Amino acid sequence: MKKTVLFSGLLLLLTTLYQCGNKESNNSEESIKDTLIQLSLKWNDCLKNKDVKELESLYSESVLTYGKQLLKQEVIEGKKSFFKLYPDFDQKIIGEIKVDTTNDEAFKVSFLKYSFYKGKGSEVKAYLVYKKINDKWKIVTESDELTDLNKRRAKKQTSGSLLIGDSIQGDFDGDGIMESASYRIKKEGGFEEEYEMDINFSSPAIKTLPFNATRDYITLINESDLNGIAGDELTVYSSPNHGCTYTMTTYTYNNNKWKEIMEPILVLTFCDPMPVEDLLKMIFREGNTIYYYQKVSMDETFELEKFNAELK
């Protein structure tokens, strides 16, 4: 009888340990999302309570902070200075917290953030991007949509040469690190046969993007973030075999693969070269909607009209 009770107790103990172990090692997407929501609430509490010691434990060693790549210690020193400058600072997360996959290694946590300092309060759509580092989830990006919008506008105004051309730069996989993109002709084409091209990236983690073109050249364009998921979208501007109507095909990199984010748009050039500044602003995001401009007049006025993009 004693042996039976002892065996039953041992079996119960082993079962309990197995279940606990399974619970801790549960890496399902729902479990990950719950974990990241709790970490984001902790991040909010740390800022609200000005607890920089706990806040430091949440960041990776390098963080893309409101458009700037900083070391963790620089981020923490910046928070300390901000708290000292604005002792009335307060913050809270309002409403639903949303978690999206940016690729197979990172998750974006989005929420409405209310901040109060200098006697004034404001709301902004903010987000944190997490990656698993040494088996722990760490913040690799901290920003908000307003900051990103201003950065995109400034970048397009001052760094056009890095955003459009045969070779461009951008953070195409949303990991907070800039990569370069360029293309090469894989197979020659001709009047009746398309050129097979590969768009390659400086990061080996980003897969090659194949593209077929009717001519032996294309133009690459960094569109910045169009879909609200960390990472820059990429447009291929390609010429027709004959005629004057070009095509803009826009891609996003998510879950370790490329896909078209919207239906390709036709660009009426009327056989005149499209200015670089016009190409850079043809596709853009306002709020949560993607728009594009298209020339609608059939004369030399080249009147532009704004349209909603048809997403895929």
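The values are calculated or read from the model by the stated rules, or taken from the named source; none is laboratory data. Model, not experiment: these values are computed from the prediction. We place every Cβ from the backbone using ideal geometry, glycine too, and count neighbours over all the protein chains shown.
Number of residues in the range 25-63 that are free of Cβ contacts under 8 Å to residues at least 60 places away in the same chain and either at positive phi or touching a Gly at 6+ places or on another chain (Cβ under 9 Å) (or both) equals 1. Which residues, counting only those in the range 67-82, are surrounded by fewer than 16 Cβ atoms within 10 Å (Cβ to Cβ) and not in a strand (DSSP E or B)? If the condition is that a residue be surrounded by fewer than 16 Cβ atoms within 10 Å (Cβ to Cβ) and not in a strand (DSSP E or B), then GLY67, GLN73, GLU74, GLU77, GLY78, LYS80, SER81, PHE82 are the ones that fit. The set of residues in the range 242-274 being over 27 Å from the mean Cα position of the chain (by Cα), of a type outside the set (A, V, I, L, M) and assigned to a loop (DSSP other than H, G, I, E, B) consists of HIS242, GLY243, CYS244, THR269, PHE270, CYS271, ASP272, PRO273. Every test in (1) modelled with pLDDT under 90; (2) surrounded by 10 or more Cβ atoms within 10 Å (Cβ to Cβ); (3) under 28 Å from the mean Cα position of the chain (by Cα); (4) among the small types (Gly, Ala, Ser) is passed by SER8 save one, and that test is (3). Note on the range 203-241: among residues that are modelled with pLDDT of 95 or more and part of a loop (DSSP other than H, G, I, E, B), the one that is surrounded by the most Cβ atoms within 10 Å (Cβ to Cβ) is ILE206.
GLU196 fulfils the conditions (1) closer than 20 Å to ASP173 by Cβ; (2) surrounded by 14 or more Cβ atoms within 10 Å (Cβ to Cβ) except for a single criterion, (1). Residues of the range 242-292 that are surrounded by fewer than 18 Cβ atoms within 10 Å (Cβ to Cβ) and either in contact with a Gly (Cβ under 8 Å, 6 or more places away or on another chain) or of a type in the set (D, E, K, R) (or both): LYS257, LYS259, GLU260, GLU263, ASP272, VAL276, GLU277, ASP278, LYS281, GLU286, ASN288.
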